[in-house]
1. Whose amide H sits under 5 Å from the amide H of Glu81, counting only residues 5 or more places off or on another chain, with H placed in the peptide plane?
2. Ordered by residue, what ³J(HN,Hα) values in Hz, to whole numbers, does segment 307-323 give under the Karplus form 6.51 cos²θ - 1.76 cosθ + 1.60, where θ = phi - 60° and Gly and Pro are x?
3. Mind checking which lysines have their Cα closer than 30 Å to the Cα of Lys279? Skip sequence neighbours fewer than 8 apart in that chain.
4. How large is the Kirkwood hydrodynamic radius of segment 222-346, in angstrom, based on all distinct alpha carbon pairs?
5. Against the longest principal axis of the chain, how steep is helix 266-278, in degrees 0 to 90 to the nearest 10, with axes from Cα atoms?
6. Calculate I(q)/I(0) for segment 121-247 by the Debye formula, one identical point scatterer on each C-alpha and no solvent, and give its log10 at q = 0.11 Å⁻¹ to two decimals.
7. What is the Cα centroid distance between segment 55-104 and segment 115-181, reported in whole angstrom?
8. Once amide H atoms are built 1.01 Å from N in the peptide plane, which residues 5 or more positions from Ser263, or in another chain, come under 5 Å H to H?
Amino acid sequence: MDFASGDSSLISEFMVNITTHDMHTGGEPLRIIKSGLPELQGSTILEKRTYAIKHLDHFRKFLMNEPRGHKDMYGAILFKEKPNEFGVLFMHNEGYSSMCGHAIIALGRYVIDFKLVEPVSPETEVIFNCPCGPVKAFVEYNNQLSGRVYFESVPAFVYKLDFEIDVPTIGSVSVDISFGGAFYAFITDKQVYLDLQISSFSEIVETAGKITEAVKSNLKIEHPESKELSFLYGTIITDRKDKFSDGPSTNICIFADNQIDRSPTGSGVTARIVLQWTKGEMQLNEEKEFISLIGSRFTGAAVRETFVGKYPAVVVRVSGMAYHTGDHTFYLENRDALKEGFQLPR
């Protein structure tokens, strides 16, 4: 039987038929759902996320897990709200995140290249309403070709400086916690006996996971404006090059269920820049380059000051490039015992 022919006797075996478009930003994947997902119910983006968690989570598992995805797959549910405005939900191996910079960069190109937005030169502004709030993306456009994307997320702020925790097998360490659309704990590699240039991925992932769990166990995070954002998303380990004068800096983000970000992490760069701004290590409009462990790069700068509740904050601009990798049609057979996929333990 020819699978590609669309034979009706074969298609009748399928209870799910979902099409996606896949991209990557700095090596980090993004699977964008094009069709096949039931309509999200709710009048706000947070209500839609709650509906997805309660009623549609089997679709997330179906697309993120093996055999269709993998432990580090990332996805997005996109829906148009106005001519240049979209709602978006982000999903990963554990659930649904509040903000994702690499996804915003990819989605910026996606809506331009597939004519979901009418492009203008030299750049087109697109608004993505995320669970953390509205994020403005600006897509370079010239000679019918989209290019680099930069975005300005919700204001970023530092939540805790030098928070002491005891980490099993590591000991007492001090972490900083800041918000860039999601909350992250920051620590340098030297503090936890690592070197980002030579330490193994397994060592980095294990250490970051322990730090995340230790922070969660010892600190109740409360976002000043939204209880739905009041959780630690992950841990970012840096190479200690925090000052603007230090030049490009490498960091790695481990988030959700020990998921490894291949990119420098857009929301993580946002959270890191406000941390360095708060410490006086970067000033407004100083653009710094951030590098992932596979060598991909984002640039970022704090562009203006503001407040989030009582917390001094900045709006951060992050820039990167995304690329198209393919289209997929995914099926689920009624008799498949692994309907929702699976994850191998790491």
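1. Amide H neighbours of Glu81: Phe86, Gly87.
2. 9, 10, x, 8, 8, x, 9, 9, 8, 10, 9, 10, 10, x, 10, 10, 9
3. Straight-distance partners of Lys279: Lys136, Lys160, Lys190, Lys210, Lys216, Lys220, Lys227, Lys241, Lys243, Lys288, Lys310.
4. So the Kirkwood estimate lands at 17.0 Å.
5. 20
6. Computed log10 I(q)/I(0) values: -0.52.
7. Cα centres, segment 55-104 to segment 115-181: 16 Å.
8. Under 5 Å from the amide H of Ser263: Glu28.
The values are calculated or read from the model by the stated rules, or taken from the named source; none is laboratory data. From a predicted model like this one, the values you see are computed outputs, not experimental measurements. Backbone-built Cβ (ideal geometry, glycine too); neighbour counts: all protein chains shown. Quick note on the areas: whole protein, heavy atoms, side chains included, nothing else; ligands and nucleic acids left out. Shrake-Rupley method; radii C 1.70, N 1.55, O 1.52, S 1.80 Å.
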